[in-house]
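Each remark here refers to the structure printed beneath this line.
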Amino acid sequence: TVGGFVNAGQSKKKGTILQALEEAQYDLNVKKMLNEESARSQALTSLVRALEEVDQDTEEHVTRTRNMGISLGKRLGLSDAQLTSLELLCLLHDIGKIAVPLEILNKPGKLTDAEWAVLRSHAEKGCQIAMASRELKPIAGYIKYHHERWDGKGYPSKLSGEDIPVLSRIISIVDAYDAMVNDRCYRKALSSEYAMKEIRDNAGTQFDPHMAEVFLKMLSE
């Protein structure tokens, strides 16, 4: 200290160390949640099962997005802590759908404008659900913004470019691809070639162009 005041450099260093410790503790807590043998995983399992009850595609969908998301995250150079958060996000990005009526979620025909508005609310509702949990609170924003678009025409906040969180941009791509190449209640699965062309054509508008390029290269390999 100098004249009774903490040196600014020391204070900054102390803050950085405390932040690193907090991040490490959060990473450990989330890994315990993701470990099926851990008592902490029961809450996570309950949430995923609740989502499975309203959306029949959930179990296979989250497994596929989890695998693709982690692979893409590694190629993009994410830290271990970011990869852990991404894994949790892949499981719970659609958790807000438990608050959407079943007749809208499973409607085989075209949705009305009013029904679309209700369906789109799942991003914000998912954020609210995550905010209620100490372990899930750090990924609440990623859930909220996973339907934003690179060009700012997404929802709910019309964020654009790098204002959209990195993890939200990643799940946006893998979620869209997986939705296209698998059966949905309103259409049959599309070919992987078609889905890859859609990702390519929408890079720079819907998707982060660099992430889209890395993702397509990953799929090709």
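Sorted largest first, the spans of the alpha carbon positions of the range 96-221 along the three principal axes are 39, 34, 25 Å.
3J(HN,Hα) along the range 119-124, derived from phi through the Karplus expression 6.51 cos²θ - 1.76 cosθ + 1.60 where θ = phi - 60°, amounts to 4, 5, 5, 5, 5, 6 Hz, with x in place of Gly and Pro.
Proximity of backbone amide H atoms, modeled 1.01 Å from N, is registered between residue 207 and 150 at under 5 Å, excluding neighbours fewer than 5 places apart on the same chain. Kindly identify the range 116-166 as rounded, prolate or oblate by the Cα gyration tensor criterion: order the square roots of the eigenvalues as a ≥ b ≥ c, call it rounded if a/c is under 1.5, otherwise compare a/b with b/c, prolate if a/b is larger, else oblate. Note, shape of the range 116-166 comes out oblate. Look at the Cα gyration tensor of the range 37-168: its axes a ≥ b ≥ c give a/c of at least 1.5 with a/b at or below b/c, and that counts as oblate. Less than 5 angstrom separates the built amide H of residue 184 from those of 189, all sequence-distant by 5 or more or on a different chain.
Using a probe of 1.4 angstrom, how much of the accessible area of the range 123-188 is carbon and sulfur, in percent?
48
Summed over the residues of the range 101-220 and divided among them, the accessible surface reaches 52 Å² per residue at a probe radius of 1.4 Å. Ranked from largest, the principal axis spans of the Cα set of the range 156-202 equal 34, 22, 16 Å.
Counting Lys and Arg as +1 and Asp and Glu as -1, what is the net charge of the other residues whose Cβ lies under 13 Å from the Cβ of residue 155? So the environment of residue 155 carries a net charge of +3. With the largest listed first and rounded to whole Å, the semi-axes of the equivalent ellipsoid of the range 63-115 from the Cα gyration tensor are 31, 11, 9.
The values are calculated or read from the model by the stated rules, or taken from the named source; none is laboratory data. Note that this is a predicted model, so its numbers are computed, not measured. Glycine also receives a Cβ, built like all others from the backbone with ideal geometry; neighbour counts cover every protein chain displayed. Side chains included, ligands, DNA and RNA excluded: accessible areas come from the protein's heavy atoms. Shrake-Rupley method; radii C 1.70, N 1.55, O 1.52, S 1.80 Å.
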